[in-house]
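Where a number appears in this text, it was derived from the coordinates with a stated rule and is not lab data. Just so it is clear, the model here is predicted, and its values are computed rather than measured. All Cβ positions, even for glycine, are placed from backbone atoms using ideal geometry, and neighbour counts span all protein chains on display.
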């Protein structure tokens with residue numbers, strides 16, 4: 001297997017002459033890096049506000065595609081395809097979000113003679129319709145939760161929900177990414193919840209249709225990563241547990257899952273590949289399941305793209321899913337099968353978002369004047385942060401993903417704690433303090449988690465700030481009275497200016513920062 | 001001879017004594033125990049500083065401003081005034097402002113999704129007044145007080161900037 005992979009690689013190199021990355025932020029940078037590893041030139045695209053982004057600076061070539069509003073830039077498929085054609089790209093990587101699960105866009109790529117790095121437009125279309133996806137899964141022999149057909153009015157929805165019995169989930173038929181999903185506990189709250197879900201679905205997906213699904217208590221979110229090539233080889237690449245969610249947004253993910261036994265893993269893997277095979281799936285995809293505490297599982301949906309949380313799988317299986325998805329899209333045979341993949345150790349990922357846990361998780365926008373990412377044994381950071389980056393309200397609030405690897409779950413957890421304590425973000429509020437609290441909860445430490453975990457563990461109030469306050473007093477006093485030590489660099493104060501001078505100074509700051517960082521172990525809580 | 005300085009932090013006045021001995025800088029809160037050996041040094045040209053207090057290092061982010069400094073430690077930002085020490089009686093006390101009007105400002109930039117109140121409505125503290133979308137998330141904005149809506153100058157679909165007035169409420173029983 002490995003040999004044929006190598007020889008194909010030689011024969012086809014370069015497999016793509018240039019790949020356009022139709023995304024931004026950390027995932028665009030991740031793709032730039034995979035392309036660099038494959039010696040394929042990368043073409044970044046950017047909206048007006050992303051001119052200085054890392055994905056732009058690290059790419060081989062970069063083109064503007066429009067204003068900040070994503071509908072006129074990152075969601076403007078025609079524009080992106082015409083840029084790809086004009087610049088001589090022969091493939092488009094959509095990342096996740098934006099156009100990644102847009103079947104029409106995938107089809108337009110194919111029609112324009114471009115390779116869409118992802119599954120076929122047909123696979124995206126079928127699996128993107130949650131009702132069709134449920135039917136496909138059922139036909140493939142997978143257990144599926146009781147559910148309604150597509151509904152477009154509140155009266156029908158209420159009838160189905162009453163028949164099914166509460167609690168129920170109301171979901172956008174065209175949904176994804178946790179949007180347009182609501183859990184409803186009783187008939188009394190159903191109508192307003194359904195109306196709101198339809199409103200949200202219309203706003204987010206341009207389609208108000210919803211469906212109702214039975215809701216289970218104390219279930220885990222388990223998903224199986226799969227990858228397939230264009231020759232019918234499909235492999236499961238282990239499971240991930242994403243039970244730590246807030247408002248249906250995943251916050252902490254791990255690979256493997258503490259709840260999955262070897263037998264269950266085989267069963268889930270077989271189920272996931274059966275679904276994929278039944279639609280002739282190729283490229284990466286994720287089959288999501290709910291797992292009850294009795295070991296029963298139900299198909300939830302299939303995501304036809306790279307997942308945000310793919311690094312945990314990569315860390316524990318040693319794969320490079322982004323590189324591999326580019327290879328299989330280029331027609332290379334799958335470089336491994338499940339038997340060859342050994343899961344080693346444990347990986348945990350935390351999503352760092354610009355939301356203030358001590359202020360109702362309101363999004364926090366503004367300029368990050370200082371960003372220092374953690375490092376050290378077992379730590380991997382996917383981010384596109386830099387000093388001076390402006391966090392705007394135009395895009396999602398994900399700032400960075402920190403993944404920690406350890407020989408076992410506890411080893412990964414303690415390294416994650418260390419990494420979060422090292423992470424410095426000054427200028428916007430982040431959820432880091434909340435993540436630190438979660439990692440210290442007994443139930444989390446013991447792996448007693450489910451999708452309702454964060455509803456039961458709200459943010460704990462802040463510890464008293466006596467120590468920090470005293471330090472702040474001293475620092476302010478020394479700075480204002482001119483008693484601080486004269487810097488070797490002759491520096492004094494002025495900083496934070498945007499543009500070239502700021503870039504230059506942040507580079508110098510990083511250099512000197514690393515030289516003096518040896519003694520800075522003590523940090524009560526991260527910035 | 002130690003100098004005295006007044007630091008105002010989060011509305012609290014603290015008197016700090018500052019002294020130098022054998023090339024070291026010493027600080028203590030007035031009348032509060034031992035002197036601390038302190039050292040503040042900027043890292044490169046950024047706002048990053050290392051504050052050493054009795055050989056314990058802490059990274060801080062510091063921005064100077066007229067008459068003080070804004071200091072970020074951990075996730076907390078403290079705005080500090082620093083001035084010469086004066087007897088307590090001479091200090092101007094910040095007048096407590098009591099007003100019958102509660103104003104709700106946009107906590108972030110975004111757009112208005114829904115307005116659930118109108119002029120003249122009676123609202124309860126904690127009641128959702130409007131929904132704002134930012135970063136693809138809907139955020140419920142709740143009333144800080146019970147009372148009557150005096151004005152609600154925004155409409156659904158309107159783009160708003162952080163700090164824009166969204167709703168003003170005349171507190172129940174207030175003047």
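In region A:146-214, Cα pairs under 8 Å separated by at least six residues give a relative contact order of 45 percent. The residues B:9, A:438, B:70, when put in order of fewest to most other Cβ atoms within 10 Å, stand as B:70, B:9, A:438. Each of A:394, A:74 has some number of other Cβ atoms within 10 Å of its Cβ, and from fewest to most they run A:394, A:74. Working from the Cα coordinates of chain B, the gyration tensor eigenvalues give, after taking √(5λ), semi-axes of 45, 22, 12 Å in decreasing order. The ranking of A:360, A:39 from fewest to most other beta carbons within 10 Å of each one's beta carbon is A:39, A:360. As a rough guide to protection, the peptides A:17-23, B:77-83, A:363-369 ranked by mean Cβ packing within 10 Å, highest first, stand as A:17-23, A:363-369, B:77-83.
Counts of other chain beta carbons within 10 angstrom of each beta carbon in peptide A:142-154 average 0.
The smallest convex shape that holds all Cα atoms of region A:70-202, its convex hull, gives 117 Å³ per residue. Applying D = kT/(6 pi eta Rh) to region B:101-171, where Rh is the Kirkwood radius over alpha-carbon pairs, T corresponds to 4 °C and eta to 1.567 mPa s, the Stokes-Einstein value obtained is 111 µm²/s. In whole percents, the pair-distance distribution calculated for region B:3-86 from its alpha-carbon pairs, binned every 5 Å from zero, is 3, 13, 19, 26, 25, 11, 2, 0. Calculated mean residue ellipticity at 222 nm for chain A: -11000 deg cm²/dmol, from DSSP H runs with n ≥ 4 weighted as -39500 (n - 2.57), summed, divided by the residue count and rounded to 500. Remark: mean inter-chain Cβ contacts per residue of A:76-83 equal 0, using a 10 Å Cβ-Cβ cutoff to other protein chain atoms. The coefficient of translational diffusion for region A:146-214, derived via Stokes-Einstein from the alpha carbon Kirkwood radius under 37 °C and 0.692 mPa s, stands at 291 µm²/s.
Helix A:154-164 sits at what angle to the longest principal axis of chain A, using alpha carbons and giving 0 to 90 degrees rounded to 10? Result, in degrees: 80. Note on chain A: the C-alpha convex hull projects to 25.5 nm² when averaged across all orientations. Across chain B, C-alpha contacts under 8 Å between residues 6 or more apart give a mean separation that, scaled by the residue count, equals a relative contact order of 16 percent. Legend: mean number of C-beta atoms from other chains within 10 angstrom of residue C-beta atoms, peptide B:61-72, equals 5. Using every pair of distinct Cα positions in region A:406-491, the Kirkwood expression returns a hydrodynamic radius of 16.4 angstrom. Distances between every pair of Cα atoms in region A:164-276, grouped in 10 Å steps from 0 to the bin holding the largest one, split as 13, 32, 33, 19, 3, 0 percent.
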